[in-house]
Amino acid sequence: MSQTAPISNQTKRWQEMDAAHHLHPFTTHKDLAAKGARVITHAEGVYLYDSEGNRLIDGMAGLWCVQVGYGREELAQAGYKALKELSYYNNFFQTTNPYVAELSEKLAEVCPAGIDRFFFANSGSEGNDSAVKIIRYFWNLQGKPNKKLFIARKKAYHGVTMVAASLSGLTHMHPQADLPLPGFHHVDCPDWFAEGGDMTPEEYGLKTARSLEEKILELGAENVAAFVAEPIQGAGGLIIPPKGYWEEIQRICRKYDVLLHVDEVICGFGRTGKWFGSDTFGIEPDMINMAKGLSSGYQPIAAVGLGKRVGDAVFNSDNEWSHGFTYSGHPVAAAVALANLELMQKEKLVEKAGGATGSYFQKKLSELADHPLVGQTRGVGLLGAIELVKDKKNRTKFESDLDAGTRCRNHCFSNGLIMRAIGDTMVLSPPLTITEGEMDELFALARKCIDLTAKDLGVA
Ligand code: PXG
(Lines give C-alpha, C1' and ligand atoms only; values in the text may rest on other atoms or scores of the structure.)
Protein backbone atom coordinates (compact mmCIF):
# COMPACT_ATOMS: atom_id res chain seq x y z
CA MET A 1 0.00 0.00 0.00
CA SER A 2 1.47 3.33 -0.94
CA GLN A 3 1.67 5.36 2.27
CA THR A 4 0.48 8.51 0.49
CA ALA A 5 -2.61 7.12 -1.30
CA PRO A 6 -5.91 8.31 0.20
CA ILE A 7 -7.56 5.62 2.31
CA SER A 8 -11.19 4.61 1.84
CA ASN A 9 -13.79 5.53 4.45
CA GLN A 10 -14.46 1.85 5.16
CA THR A 11 -10.78 1.18 5.87
CA LYS A 12 -10.64 4.28 8.07
CA ARG A 13 -13.63 3.05 10.08
CA TRP A 14 -12.03 -0.36 10.67
CA GLN A 15 -8.79 1.32 11.67
CA GLU A 16 -10.62 3.55 14.15
CA MET A 17 -12.51 0.64 15.74
CA ASP A 18 -9.30 -1.32 15.93
CA ALA A 19 -7.27 1.52 17.42
CA ALA A 20 -9.95 2.16 20.04
CA HIS A 21 -10.58 -1.42 21.18
CA HIS A 22 -8.03 -3.98 20.01
CA LEU A 23 -4.90 -4.86 21.97
CA HIS A 24 -2.59 -6.41 19.34
CA PRO A 25 0.18 -8.95 19.93
CA PHE A 26 3.71 -7.48 20.24
CA THR A 27 2.69 -3.95 19.24
CA THR A 28 3.45 -0.41 20.36
CA HIS A 29 -0.11 0.86 20.29
CA LYS A 30 0.64 4.56 20.13
CA ASP A 31 2.60 4.05 16.90
CA LEU A 32 -0.06 1.80 15.42
CA ALA A 33 -2.88 4.20 16.21
CA ALA A 34 -0.99 7.04 14.54
CA LYS A 35 -0.44 4.99 11.37
CA GLY A 36 -3.58 2.85 11.22
CA ALA A 37 -3.43 -0.93 10.92
CA ARG A 38 -3.36 -2.57 7.52
CA VAL A 39 -6.65 -4.43 7.11
CA ILE A 40 -6.21 -7.83 5.44
CA THR A 41 -9.55 -8.89 4.00
CA HIS A 42 -8.90 -12.04 1.99
CA ALA A 43 -6.27 -14.43 0.73
CA GLU A 44 -5.83 -16.98 -2.03
CA GLY A 45 -2.90 -19.26 -2.76
CA VAL A 46 0.26 -17.34 -1.79
CA TYR A 47 -1.37 -13.92 -2.02
CA LEU A 48 -2.94 -11.65 0.59
CA TYR A 49 -5.27 -8.75 -0.26
CA ASP A 50 -5.90 -5.69 1.87
CA SER A 51 -8.98 -3.49 2.18
CA GLU A 52 -7.48 -1.00 -0.25
CA GLY A 53 -7.24 -3.63 -2.98
CA ASN A 54 -3.46 -4.13 -2.73
CA ARG A 55 -2.06 -7.59 -3.38
CA LEU A 56 0.91 -8.90 -1.38
CA ILE A 57 2.87 -12.08 -1.99
CA ASP A 58 3.14 -13.72 1.42
CA GLY A 59 6.75 -14.74 1.90
CA MET A 60 6.00 -15.75 5.50
CA ALA A 61 2.99 -18.10 5.05
CA GLY A 62 1.14 -15.99 7.63
CA LEU A 63 3.34 -16.57 10.68
CA TRP A 64 5.32 -19.54 9.30
CA CYS A 65 2.17 -21.66 9.19
CA VAL A 66 0.08 -21.72 6.01
CA GLN A 67 1.74 -24.79 4.46
CA VAL A 68 -1.02 -25.53 1.90
CA GLY A 69 -1.61 -21.89 0.88
CA TYR A 70 -4.73 -19.84 1.53
CA GLY A 71 -8.34 -20.56 0.63
CA ARG A 72 -8.16 -24.33 0.09
CA GLU A 73 -11.59 -25.81 -0.59
CA GLU A 74 -10.71 -29.19 0.97
CA LEU A 75 -10.04 -27.60 4.36
CA ALA A 76 -13.08 -25.34 4.19
CA GLN A 77 -15.31 -28.35 3.40
CA ALA A 78 -13.80 -30.43 6.21
CA GLY A 79 -14.45 -27.60 8.69
CA TYR A 80 -17.99 -27.07 7.42
CA LYS A 81 -18.83 -30.78 7.67
CA ALA A 82 -17.52 -31.01 11.24
CA LEU A 83 -19.31 -27.80 12.24
CA LYS A 84 -22.58 -29.30 11.05
CA GLU A 85 -22.06 -32.79 12.46
CA LEU A 86 -20.36 -32.09 15.77
CA SER A 87 -19.82 -28.40 16.37
CA TYR A 88 -18.40 -29.14 19.81
CA TYR A 89 -17.97 -31.79 22.38
CA ASN A 90 -15.13 -32.26 24.84
CA ASN A 91 -12.73 -35.15 25.36
CA PHE A 92 -13.06 -35.21 29.14
CA PHE A 93 -15.32 -37.79 30.89
CA GLN A 94 -14.18 -40.78 28.82
CA THR A 95 -15.43 -39.47 25.48
CA THR A 96 -13.71 -38.81 22.19
CA ASN A 97 -14.75 -37.84 18.65
CA PRO A 98 -13.98 -39.42 15.27
CA TYR A 99 -11.92 -36.46 14.06
CA VAL A 100 -9.47 -36.38 16.95
CA ALA A 101 -9.11 -40.18 16.95
CA GLU A 102 -8.29 -40.17 13.23
CA LEU A 103 -5.98 -37.17 13.59
CA SER A 104 -4.07 -38.92 16.40
CA GLU A 105 -3.53 -41.98 14.22
CA LYS A 106 -2.41 -39.82 11.29
CA LEU A 107 0.06 -37.95 13.51
CA ALA A 108 1.53 -41.23 14.73
CA GLU A 109 2.12 -42.07 11.05
CA VAL A 110 3.95 -38.85 10.12
CA CYS A 111 5.74 -37.92 13.38
CA PRO A 112 9.39 -38.78 14.11
CA ALA A 113 9.95 -42.43 15.02
CA GLY A 114 8.53 -43.38 18.41
CA ILE A 115 6.31 -40.32 18.87
CA ASP A 116 2.86 -41.87 18.89
CA ARG A 117 0.65 -40.40 21.66
CA PHE A 118 -0.71 -36.87 21.56
CA PHE A 119 -2.12 -34.26 23.88
CA PHE A 120 -4.03 -31.49 22.11
CA ALA A 121 -3.92 -27.78 22.90
CA ASN A 122 -4.93 -24.64 21.03
CA SER A 123 -1.61 -22.89 20.51
CA GLY A 124 2.10 -23.56 20.51
CA SER A 125 2.43 -21.71 23.82
CA GLU A 126 -0.17 -23.93 25.48
CA GLY A 127 1.63 -26.93 23.99
CA ASN A 128 4.90 -25.96 25.65
CA ASP A 129 3.15 -25.10 28.89
CA SER A 130 1.52 -28.54 28.83
CA ALA A 131 4.84 -30.20 27.94
CA VAL A 132 6.48 -28.68 31.00
CA LYS A 133 3.67 -30.09 33.17
CA ILE A 134 4.02 -33.51 31.54
CA ILE A 135 7.78 -33.49 32.15
CA ARG A 136 7.39 -32.48 35.80
CA TYR A 137 4.77 -35.22 36.23
CA PHE A 138 7.03 -37.75 34.47
CA TRP A 139 9.92 -37.19 36.87
CA ASN A 140 7.54 -37.39 39.84
CA LEU A 141 6.31 -40.74 38.51
CA GLN A 142 9.94 -41.87 38.17
CA GLY A 143 10.54 -41.10 41.84
CA LYS A 144 12.95 -38.31 40.94
CA PRO A 145 11.05 -35.24 42.15
CA ASN A 146 14.21 -33.15 42.22
CA LYS A 147 14.54 -33.23 38.46
CA LYS A 148 12.57 -30.03 37.84
CA LEU A 149 14.92 -27.52 36.20
CA PHE A 150 14.53 -26.64 32.51
CA ILE A 151 17.29 -25.53 30.18
CA ALA A 152 16.50 -23.73 26.92
CA ARG A 153 18.59 -21.43 24.72
CA LYS A 154 19.23 -17.76 24.28
CA LYS A 155 17.22 -16.34 21.33
CA ALA A 156 14.76 -19.27 21.56
CA TYR A 157 11.07 -18.58 21.02
CA HIS A 158 8.70 -21.00 22.69
CA GLY A 159 5.62 -18.79 23.10
CA VAL A 160 4.12 -16.29 25.50
CA THR A 161 2.32 -17.95 28.41
CA MET A 162 4.19 -17.55 31.71
CA VAL A 163 5.99 -20.86 31.24
CA ALA A 164 6.50 -20.65 27.47
CA ALA A 165 7.87 -17.11 27.81
CA SER A 166 10.17 -18.35 30.59
CA LEU A 167 11.50 -21.00 28.21
CA SER A 168 11.96 -18.33 25.54
CA GLY A 169 15.39 -16.77 25.44
CA LEU A 170 14.42 -13.53 23.73
CA THR A 171 15.16 -11.38 26.73
CA HIS A 172 13.05 -8.39 25.68
CA MET A 173 10.01 -10.57 26.41
CA HIS A 174 10.91 -11.00 30.07
CA PRO A 175 10.97 -7.73 32.06
CA GLN A 176 7.32 -6.71 31.57
CA ALA A 177 6.13 -9.80 33.48
CA ASP A 178 9.20 -10.28 35.69
CA LEU A 179 10.25 -13.45 33.89
CA PRO A 180 11.72 -16.01 33.63
CA LEU A 181 10.02 -17.93 36.42
CA PRO A 182 12.37 -19.70 38.82
CA GLY A 183 13.75 -22.95 37.42
CA PHE A 184 14.20 -21.85 33.78
CA HIS A 185 17.76 -21.45 32.50
CA HIS A 186 19.30 -20.49 29.17
CA VAL A 187 22.49 -21.51 27.40
CA ASP A 188 24.23 -20.25 24.25
CA CYS A 189 22.76 -20.92 20.82
CA PRO A 190 24.72 -21.67 17.63
CA ASP A 191 24.28 -18.20 16.10
CA TRP A 192 27.61 -18.32 14.26
CA PHE A 193 26.88 -15.37 11.95
CA ALA A 194 26.35 -12.95 14.84
CA GLU A 195 28.57 -14.42 17.52
CA GLY A 196 30.91 -17.03 16.04
CA GLY A 197 33.85 -14.64 15.56
CA ASP A 198 36.85 -16.35 13.92
CA MET A 199 35.69 -19.89 14.68
CA THR A 200 34.30 -22.10 11.94
CA PRO A 201 30.53 -22.68 12.20
CA GLU A 202 31.23 -26.29 13.27
CA GLU A 203 33.64 -25.21 16.03
CA TYR A 204 31.17 -22.65 17.25
CA GLY A 205 28.35 -25.20 17.11
CA LEU A 206 30.29 -27.59 19.34
CA LYS A 207 31.26 -24.82 21.73
CA THR A 208 27.63 -23.76 22.16
CA ALA A 209 26.41 -27.36 22.47
CA ARG A 210 28.92 -27.85 25.28
CA SER A 211 27.47 -24.85 27.11
CA LEU A 212 24.55 -27.21 27.78
CA GLU A 213 26.88 -29.70 29.45
CA GLU A 214 28.44 -26.91 31.54
CA LYS A 215 25.00 -25.73 32.65
CA ILE A 216 23.89 -29.28 33.56
CA LEU A 217 27.03 -29.75 35.66
CA GLU A 218 26.52 -26.35 37.30
CA LEU A 219 22.88 -27.12 38.21
CA GLY A 220 23.51 -30.80 38.99
CA ALA A 221 22.23 -33.45 36.59
CA GLU A 222 20.02 -34.81 39.37
CA ASN A 223 18.08 -31.51 39.24
CA VAL A 224 17.69 -31.08 35.47
CA ALA A 225 14.41 -32.24 33.94
CA ALA A 226 14.75 -31.38 30.25
CA PHE A 227 16.45 -29.47 27.50
CA VAL A 228 13.98 -27.64 25.26
CA ALA A 229 14.95 -26.47 21.77
CA GLU A 230 13.78 -25.73 18.24
CA PRO A 231 15.61 -27.73 15.52
CA ILE A 232 16.19 -24.39 13.75
CA GLN A 233 15.52 -21.29 15.85
CA GLY A 234 12.84 -19.35 13.99
CA ALA A 235 11.77 -16.10 15.64
CA GLY A 236 15.28 -15.70 17.08
CA GLY A 237 16.62 -15.10 13.56
CA LEU A 238 16.58 -18.39 11.64
CA ILE A 239 19.58 -19.85 13.41
CA ILE A 240 20.55 -23.06 11.60
CA PRO A 241 22.81 -25.30 13.67
CA PRO A 242 25.96 -26.55 11.93
CA LYS A 243 26.79 -30.21 11.40
CA GLY A 244 27.70 -31.88 14.67
CA TYR A 245 25.64 -29.61 16.90
CA TRP A 246 22.60 -31.82 17.35
CA GLU A 247 24.71 -34.98 17.70
CA GLU A 248 26.56 -33.34 20.60
CA ILE A 249 23.34 -32.10 22.21
CA GLN A 250 21.89 -35.61 22.10
CA ARG A 251 25.06 -37.14 23.52
CA ILE A 252 24.86 -34.72 26.45
CA CYS A 253 21.14 -35.25 27.11
CA ARG A 254 21.59 -39.04 27.15
CA LYS A 255 24.70 -38.92 29.33
CA TYR A 256 22.93 -36.94 32.06
CA ASP A 257 19.44 -38.45 31.60
CA VAL A 258 17.95 -35.09 30.64
CA LEU A 259 14.79 -35.34 28.50
CA LEU A 260 14.93 -33.75 25.06
CA HIS A 261 11.77 -31.80 24.24
CA VAL A 262 11.94 -30.56 20.64
CA ASP A 263 9.79 -27.57 19.71
CA GLU A 264 8.66 -28.27 16.14
CA VAL A 265 6.12 -25.44 15.98
CA ILE A 266 7.93 -23.82 13.02
CA CYS A 267 10.05 -26.70 11.72
CA GLY A 268 7.22 -29.25 11.62
CA PHE A 269 5.05 -30.25 8.66
CA GLY A 270 7.48 -30.07 5.78
CA ARG A 271 9.05 -26.70 6.47
CA THR A 272 12.62 -28.10 6.46
CA GLY A 273 12.02 -30.57 3.60
CA LYS A 274 11.03 -33.53 5.78
CA TRP A 275 7.96 -33.97 7.95
CA PHE A 276 9.79 -32.64 11.02
CA GLY A 277 12.97 -30.75 11.77
CA SER A 278 13.93 -33.73 13.95
CA ASP A 279 13.99 -35.87 10.76
CA THR A 280 16.17 -33.31 8.96
CA PHE A 281 18.74 -33.12 11.78
CA GLY A 282 18.67 -36.76 12.94
CA ILE A 283 17.18 -35.85 16.32
CA GLU A 284 15.48 -38.55 18.40
CA PRO A 285 13.27 -36.52 20.72
CA ASP A 286 11.57 -37.73 23.89
CA MET A 287 8.73 -35.30 23.19
CA ILE A 288 7.79 -32.76 20.53
CA ASN A 289 5.54 -29.73 20.37
CA MET A 290 3.69 -28.83 17.18
CA ALA A 291 1.14 -26.21 16.07
CA LYS A 292 1.11 -23.81 13.07
CA GLY A 293 1.50 -26.17 10.04
CA LEU A 294 -0.54 -28.87 11.81
CA SER A 295 -3.67 -27.14 10.46
CA SER A 296 -1.87 -24.76 8.07
CA GLY A 297 -3.16 -22.10 10.47
CA TYR A 298 -6.78 -22.67 9.33
CA GLN A 299 -7.81 -23.57 12.91
CA PRO A 300 -6.09 -22.98 16.25
CA ILE A 301 -4.71 -26.38 17.22
CA ALA A 302 -1.47 -27.65 18.74
CA ALA A 303 -0.25 -31.03 19.95
CA VAL A 304 2.38 -32.39 22.27
CA GLY A 305 3.69 -35.72 20.97
CA LEU A 306 5.06 -38.22 23.47
CA GLY A 307 7.73 -40.82 22.79
CA LYS A 308 7.67 -44.25 24.39
CA ARG A 309 9.44 -43.45 27.65
CA VAL A 310 7.24 -40.53 28.69
CA GLY A 311 4.14 -41.94 26.97
CA ASP A 312 4.35 -45.28 28.75
CA ALA A 313 4.85 -43.59 32.12
CA VAL A 314 1.76 -41.41 31.71
CA PHE A 315 -0.46 -44.00 30.00
CA ASN A 316 0.42 -46.83 32.40
CA SER A 317 0.02 -44.77 35.56
CA ASP A 318 -2.85 -45.40 37.96
CA ASN A 319 -3.02 -41.64 38.54
CA GLU A 320 -5.37 -39.31 36.73
CA TRP A 321 -3.60 -36.91 34.35
CA SER A 322 -5.03 -33.69 35.79
CA HIS A 323 -4.72 -31.37 32.82
CA GLY A 324 -6.75 -30.48 29.72
CA PHE A 325 -8.43 -27.57 27.96
CA THR A 326 -12.12 -27.14 27.11
CA TYR A 327 -11.04 -27.23 23.48
CA SER A 328 -8.42 -30.02 23.65
CA GLY A 329 -9.06 -32.10 20.51
CA HIS A 330 -11.87 -29.80 19.33
CA PRO A 331 -13.74 -31.68 16.58
CA VAL A 332 -13.68 -28.84 14.06
CA ALA A 333 -10.00 -28.04 14.57
CA ALA A 334 -9.14 -31.75 14.44
CA ALA A 335 -11.17 -32.24 11.25
CA VAL A 336 -9.40 -29.34 9.54
CA ALA A 337 -5.96 -30.52 10.73
CA LEU A 338 -6.68 -34.01 9.42
CA ALA A 339 -7.82 -32.65 6.05
CA ASN A 340 -4.67 -30.52 5.97
CA LEU A 341 -2.38 -33.52 6.54
CA GLU A 342 -4.27 -35.56 3.95
CA LEU A 343 -3.93 -32.75 1.44
CA MET A 344 -0.22 -32.43 2.18
CA GLN A 345 0.18 -36.15 1.55
CA LYS A 346 -1.96 -36.10 -1.61
CA GLU A 347 0.00 -33.20 -3.10
CA LYS A 348 3.34 -34.55 -1.83
CA LEU A 349 4.14 -31.15 -0.36
CA VAL A 350 6.77 -32.48 2.04
CA GLU A 351 8.56 -34.37 -0.73
CA LYS A 352 8.44 -31.23 -2.88
CA ALA A 353 9.79 -29.03 -0.08
CA GLY A 354 12.66 -31.51 0.26
CA GLY A 355 12.96 -31.79 -3.53
CA ALA A 356 12.22 -29.51 -6.48
CA THR A 357 10.41 -26.66 -4.66
CA GLY A 358 12.99 -26.49 -1.87
CA SER A 359 15.93 -26.65 -4.30
CA TYR A 360 14.55 -23.85 -6.45
CA PHE A 361 13.84 -21.74 -3.36
CA GLN A 362 17.38 -22.26 -2.05
CA LYS A 363 18.88 -21.48 -5.48
CA LYS A 364 16.97 -18.20 -5.74
CA LEU A 365 17.85 -17.33 -2.14
CA SER A 366 21.57 -17.92 -2.68
CA GLU A 367 21.53 -15.65 -5.76
CA LEU A 368 20.96 -12.70 -3.40
CA ALA A 369 24.33 -13.31 -1.74
CA ASP A 370 26.09 -11.22 -4.41
CA HIS A 371 24.27 -8.07 -3.27
CA PRO A 372 26.58 -5.52 -1.57
CA LEU A 373 24.20 -5.30 1.41
CA VAL A 374 23.94 -9.05 1.93
CA GLY A 375 26.46 -10.63 4.30
CA GLN A 376 25.05 -14.15 4.12
CA THR A 377 22.09 -16.10 2.87
CA ARG A 378 21.18 -19.37 4.54
CA GLY A 379 18.29 -21.75 4.46
CA VAL A 380 16.88 -25.25 4.63
CA GLY A 381 13.82 -26.50 2.74
CA LEU A 382 11.42 -23.56 2.52
CA LEU A 383 13.12 -21.48 5.17
CA GLY A 384 15.48 -18.69 4.19
CA ALA A 385 17.38 -15.84 5.83
CA ILE A 386 19.20 -12.86 4.37
CA GLU A 387 21.64 -10.98 6.61
CA LEU A 388 21.83 -7.23 5.87
CA VAL A 389 25.30 -5.92 6.78
CA LYS A 390 27.47 -2.86 6.56
CA ASP A 391 30.62 -4.85 5.79
CA LYS A 392 30.26 -8.19 4.06
CA LYS A 393 33.79 -9.40 4.72
CA ASN A 394 33.79 -8.89 8.47
CA ARG A 395 30.08 -9.57 9.07
CA THR A 396 29.76 -6.07 10.57
CA LYS A 397 26.18 -5.03 11.26
CA PHE A 398 24.71 -1.58 10.70
CA GLU A 399 24.28 0.67 13.74
CA SER A 400 20.93 -0.35 15.22
CA ASP A 401 19.44 3.16 14.97
CA LEU A 402 19.68 2.89 11.17
CA ASP A 403 16.94 0.24 11.32
CA ALA A 404 18.16 -1.51 8.18
CA GLY A 405 15.84 -4.50 8.66
CA THR A 406 12.75 -2.40 9.38
CA ARG A 407 13.49 -0.18 6.37
CA CYS A 408 13.76 -3.23 4.16
CA ARG A 409 10.55 -4.73 5.57
CA ASN A 410 8.71 -1.46 4.95
CA HIS A 411 9.93 -1.33 1.35
CA CYS A 412 8.66 -4.90 0.99
CA PHE A 413 5.21 -3.94 2.30
CA SER A 414 5.04 -0.98 -0.07
CA ASN A 415 6.07 -3.13 -3.02
CA GLY A 416 3.73 -6.06 -2.48
CA LEU A 417 5.92 -8.52 -0.56
CA ILE A 418 5.73 -9.78 3.01
CA MET A 419 9.22 -10.51 4.27
CA ARG A 420 9.86 -10.55 8.02
CA ALA A 421 12.66 -8.53 9.64
CA ILE A 422 14.27 -9.95 12.79
CA GLY A 423 16.69 -7.16 13.59
CA ASP A 424 18.62 -6.91 10.29
CA THR A 425 17.97 -10.53 9.37
CA MET A 426 15.32 -10.78 6.66
CA VAL A 427 13.39 -14.05 6.84
CA LEU A 428 11.30 -16.01 4.36
CA SER A 429 9.03 -19.01 4.99
CA PRO A 430 6.46 -19.15 2.17
CA PRO A 431 3.60 -21.63 1.68
CA LEU A 432 4.92 -25.05 0.57
CA THR A 433 2.61 -24.76 -2.45
CA ILE A 434 4.56 -21.83 -3.93
CA THR A 435 5.33 -22.27 -7.65
CA GLU A 436 8.57 -21.45 -9.47
CA GLY A 437 6.88 -18.47 -11.13
CA GLU A 438 5.76 -17.17 -7.73
CA MET A 439 9.26 -17.67 -6.34
CA ASP A 440 10.66 -15.68 -9.28
CA GLU A 441 8.26 -12.87 -8.38
CA LEU A 442 9.08 -13.10 -4.67
CA PHE A 443 12.85 -12.96 -5.14
CA ALA A 444 12.68 -10.19 -7.76
CA LEU A 445 10.73 -8.10 -5.25
CA ALA A 446 13.14 -9.04 -2.45
CA ARG A 447 16.11 -7.85 -4.54
CA LYS A 448 14.31 -4.64 -5.46
CA CYS A 449 13.59 -3.90 -1.79
CA ILE A 450 17.15 -4.68 -0.71
CA ASP A 451 18.30 -2.27 -3.46
CA LEU A 452 15.97 0.41 -2.08
CA THR A 453 17.30 -0.23 1.44
CA ALA A 454 20.89 0.05 0.17
CA LYS A 455 19.98 3.38 -1.40
CA ASP A 456 18.49 4.64 1.88
CA LEU A 457 21.65 3.65 3.72
CA GLY A 458 23.97 5.17 1.15
CA VAL A 459 25.49 1.81 0.14
CA ALA A 460 26.26 1.52 -3.60
N1 PXG B 1 7.21 -22.44 19.66
C2 PXG B 1 7.78 -21.96 18.54
C3 PXG B 1 9.04 -22.57 18.03
C4 PXG B 1 7.18 -20.88 17.87
O5 PXG B 1 7.76 -20.38 16.78
C6 PXG B 1 5.44 -20.90 19.55
C7 PXG B 1 6.07 -21.95 20.17
C8 PXG B 1 4.18 -20.36 20.17
O9 PXG B 1 3.09 -20.66 19.39
P10 PXG B 1 1.73 -19.80 19.55
O11 PXG B 1 0.75 -20.60 18.73
O12 PXG B 1 1.37 -19.79 20.98
O13 PXG B 1 2.01 -18.43 19.01
C14 PXG B 1 5.98 -20.34 18.38
C15 PXG B 1 5.29 -19.20 17.71
C16 PXG B 1 7.50 -14.36 14.64
C17 PXG B 1 6.50 -15.16 15.41
O18 PXG B 1 7.29 -13.15 14.54
C19 PXG B 1 6.72 -16.48 15.69
C20 PXG B 1 5.78 -17.19 16.43
C21 PXG B 1 4.61 -16.57 16.86
C22 PXG B 1 4.39 -15.22 16.56
C23 PXG B 1 5.35 -14.51 15.84
O24 PXG B 1 8.47 -14.89 14.13
N25 PXG B 1 6.04 -18.49 16.76
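Scale the Cα Rg of the chain by the rule-of-thumb value 2.2 N^0.38 Å and send over the ratio, two decimals.
0.98
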Original post:
Could you give the distance between the Cα centres of the stretch 392-433 and the stretch 284-300, to the whole Å?
Top reply: 26
**OP:** Whole number in Å², please: accessible area per residue of the chain, 1.4 Å probe, ligands, DNA and RNA not counted.
**Re:** 44
**OP:** Would you tell me the accessible area of I422, worked out with a 1.4 angstrom probe on the heavy atoms of the protein chains, in Å² to the nearest 10?
**Re:** 30
Original post:
How much solvent-accessible surface does K348 expose, in Å² to the nearest 10, with a 1.4 Å probe and all protein chains in place?
Top reply: 110
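Probe radius 1.4 Å, ligands and nucleic acids ignored: give me the carbon and sulfur share of the accessible area of the chain as a rounded percent.
53
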Original post:
In nm, to one decimal, how far is the L217 label point from the A194 one, both placed 7 Å along Cα→Cβ?
Top reply: 2.7
**OP:** Evaluate the distance, in nm, between pseudo-label points positioned 7 Å from the Cα of A37 and of S414 along their respective Cα→Cβ axes.
**Re:** 2.4
Original post:
Using a 1.4 angstrom probe and counting only protein chains, how large is the accessible area of D31 in Å², to 10?
Top reply: 100
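Expected output is a single nm value to one decimal: the length gained when fully extending between N394 and K255, i.e. 0.36 nm times separation in residues minus the C-alpha distance. What is it?
The span from N394 to K255 would gain 46.3 nm if fully extended.
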Subject >> Loop-located chymotrypsin sites (Phe, Trp or Tyr not before Pro) in the stretch 307-391, at most 12 other Cβ atoms within 10 Å (DSSP) >> reply: W321
**OP:** Run through all the Cα pairs of the stretch 73-346 and give the fraction in each 10 Å bin from 0, expressed as whole percent.
**Re:** 7, 30, 35, 20, 7, 1, 0
Original post:
How long is the gain from S87 to T27 if the chain were fully straight, where each residue apart is worth 0.36 nm and the alpha carbon distance is subtracted?
Top reply: 18.3 nm
Subject >> Estimated FRET transfer efficiency (K133, D440; beta-carbon r; R0 35 Å; 0.05) >> reply: 0.15
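So which chymotrypsin sites (Phe, Trp or Tyr not before Pro) in the stretch 1-95 are both in a DSSP loop and have at most 15 other Cβ atoms within 10 Å of their Cβ?
Those satisfying the criteria are F26, Y88, Y89, F92, F93.
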Original post:
When Lys and Arg each count +1 and Asp and Glu each count -1, what net charge do the other residues less than 12 Å away from T27, Cβ to Cβ, add up to?
Top reply: 0
Subject >> Calculated FRET efficiency for the pair E342/R210, C-beta based, R₀ 45 Å, to 0.05 >> reply: 0.60
**OP:** Work out, step by step, the length gained on full extension between S8 and Q176: first 0.36 nm times the residue separation, then minus their alpha carbon distance; give nm to one decimal.
**Re:** 56.8 nm
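From the helices alone, meaning DSSP H stretches of at least four residues, give me the mean residue ellipticity at 222 nm for the chain, per-run term -39500 (n - 2.57), in deg cm²/dmol to the nearest 500. Before the final figure, lay out each step's value.
Details: 17 runs with 186 residues, N = 460.
Result for the chain: -12000 deg cm²/dmol, rounded to the nearest 500.
The values are calculated or read from the model by the stated rules, or taken from the named source; none is laboratory data. Predicted, not measured: the structure shown is a model, and the values here were computed from it. So basically every Cβ, Gly included, is an ideal-geometry build from the backbone, and we count neighbours across all protein chains shown. Heavy atoms of the whole protein, side chains included, go into the accessibility calculation; ligands, DNA and RNA do not. Shrake-Rupley method; radii C 1.70, N 1.55, O 1.52, S 1.80 Å.
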